[in-house]
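The values are calculated or read from the model by the stated rules, or taken from the named source; none is laboratory data. From a predicted model like this one, the values you see are computed outputs, not experimental measurements. FYI the Cβ positions are ideal-geometry reconstructions off the backbone, even for glycines, and counts take in every protein chain you see.
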Amino acid sequence: MIAKTRIVVALVLAGFVLTAGGTTLAVPDKPLRPEDTRKSPRRCIILWMSGGPSQIDTFDPKAGDISLFKTIDTNVKGLQLSATLPLLARQANHLAIIRSMTYPRAIYDRGLHLMRTGYETNSPIDHPSFACVLAKELGDDHANLPRYVNLYPIANRNNWPFGPGILGKNYTWLEVGPNSEFVNPPITPDQPCPLPPVEAFEFLDKANGAAMRRAVAKAFDFSDEKAELRDAYGRGVFGNGCLLARRLVERGVPVVEIMPLNDWAMRQNIAGRMPTVAGEMDAGMATLTKDLHKRRLLDSILIVWMGVCGASPDLSQAKGRDHWSSGFSVVLAGGGVKGGQAIGKTSANGLMVEAFPVTPPELLATIYTALGIDPHKANPTPAGLMVPLVERGNKAVQEALR
């Protein structure tokens, strides 16, 4: 009996030692079970569509000659998408499509700042990107993991307005991809998203960089994935990024962003280019949604599909569409979201919002709320001024939430 008691005490003390030094212990590298994710903070995968994707040729098709492609039914009665998205049409029951995003004048820098921070560019405060806010709010209990992984970033770490601003560099991203300031291994068919070197992890946390790297290393090795699933995601940059995002959130990484589709700005020949770009996105996002649902993880992971703005309903002389912010689409799916619906409405000609306008601060308030974060929680500036995540008066779109 005494011997058994000593063993129990030893085990308890060992457990205390392991947990007390939490900042030095690597998280076990194994995917989380569905019940683990229900007990732990929700996670977020951001699909950032650079350049302003055309809502009319994706999530908000119009009748007549305005849409360049046919309109197709989805698995939700009465909800239709463009024929460029046949796979997402089968996952529409998971999607909350906000078709009434709007802000004045499609000035790219202003819109970028609004969509990433919820604030206007004329603010004297260095507002953090919403992704960095999520890294802080969802990641502070996971010190042995990178809080925010950005796959194939199109911006530098602290590039306005993508960086952490007043939050500090601990909440910036781990860079993955050829544009990293650190030397990454070459991209190969077996390792299309190479594991960054230890220096990239140490940039985030000098003391724990090596432990962070060990904790996620196996997520970067796709050798245990079936070829059929790899093909379904797509073997290109976006498909591989979606698969890696799934593998990272399974291992507890709270925020993953994918930024490789930087050719949505189709100012010419949109009819020729859209099928390829939308097809790659359709395969990756639809398979990601289906895969997470099949693994019973979708309810704890929020997917956000968004860009800086949309694209104009009218074609230019070069048969393309310019930036357009008077009515465009953002899509939410998964954790905290009520899928199977379109929220808001644009006019028949696509020129303006006709019902239920949603502004960028209201969108960010919705994202925060879906993830269990108070959108009016405040962070201090270096001078001690308390700044809310979004200005008071901007409320979440309750229709999008469960």
Q) So, in the stretch 216-240, of the ones that are touching a Pro at 6+ places or on another chain (Cβ under 8 Å), assigned to a helix (DSSP H, G or I) and at pLDDT below 95, which residue ends up farthest from ALA286 (Cα to Cα)? A) PHE220
Q.
Quick check on this structure: which one of LEU32, LEU79, LEU68, LEU25 is modelled with pLDDT under 90, surrounded by 16 or more Cβ atoms within 10 Å (Cβ to Cβ) and more than 21 Å from the chain's Cα centre (by Cα)?
A. LEU25
Q) Is it fair to say ILE107 is over 15 Å from PRO361 (Cβ atoms) and surrounded by 24 or more Cβ atoms within 10 Å (Cβ to Cβ)? A) no
Q: Could you grab me the full set of residues in the stretch 85-129 that are closer than 19 Å to THR71 by Cβ and either among the polar types (S, T, N, Q) or in contact with a Pro (Cβ under 9 Å, 6 or more places away or on another chain) (or both)?
A: GLN91, ASN93, SER100
Q. Which of the residues that make up the stretch 334-353 are assigned to a loop (DSSP other than H, G, I, E, B) and among the basic types (Lys, Arg)?
A. LYS338
**Q.** Condition check for ALA92: more than 17 Å from ASN394 (Cβ to Cβ), in contact (Cβ under 8 Å) with a residue 24 or more places away in the chain and in contact with a helix residue (DSSP H, G or I) (Cβ under 8 Å, 6 or more places away or on another chain)
**A.** no
Q) So SER129 clears everything in (1) modelled with pLDDT of 95 or more; (2) in contact with a strand residue (DSSP E or B) (Cβ under 9 Å, 6 or more places away or on another chain); (3) not hydrophobic (A, V, I, L, M, F, W, C) except one condition, right? Which one? A) (2)
Q.
Need pairs with beta-carbon distance below 6 Å; first residue farther than 17 Å from PHE182 by Cα and within the stretch 152-172, second modelled with pLDDT under 85; sequence gap 6+ or separate chains.
A. PHE162/ALA155
Q. Has the stretch 322-333 got at least one residue that is of a type in the set (Val, Ile, Thr), in a strand (DSSP E or B) and modelled with pLDDT of 95 or more?
A. yes
(Q) Among the listed residues ARG273, ARG295, ARG267, identify the single one that is surrounded by fewer than 23 Cβ atoms within 10 Å (Cβ to Cβ) and at pLDDT 95 or above. (A) ARG295
Q. In this structure, does ARG321 turn out to be within 25 Å of ASP109 (Cα to Cα), out of contact with any Gly (no Cβ under 6 Å at 6 or more places or on another chain), without any contact (Cβ under 8 Å) to a residue 40 or more places away in the chain and not hydrophobic (A, V, I, L, M, F, W, C)?
A. no
Q: Within the stretch 343-350, identify whether any single residue is crowded, with 23+ Cβ neighbours inside 10 Å, closer than 18 Å to LEU134 by Cβ and at pLDDT 95 or above, and answer yes or no.
A: no
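Every residue, every condition in (1) at pLDDT 95 or above; (2) in a strand (DSSP E or B); (3) charged (D, E, K, R); (4) at negative phi, yes or no:
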{"residue": "THR5", "(1), (2), (3), (4)": "no, no, no, yes"}
{"residue": "VAL12", "(1), (2), (3), (4)": "no, no, no, yes"}
{"residue": "GLY15", "(1), (2), (3), (4)": "no, no, no, yes"}
{"residue": "ASP36", "(1), (2), (3), (4)": "no, no, yes, yes"}
{"residue": "ASP60", "(1), (2), (3), (4)": "yes, no, yes, yes"}
Q: Give the residues of the stretch 292-309 that are touching a Leu at 6+ places or on another chain (Cβ under 7 Å) and part of a helix (DSSP H, G or I), sorted by residue number.
A: LEU292, LEU298
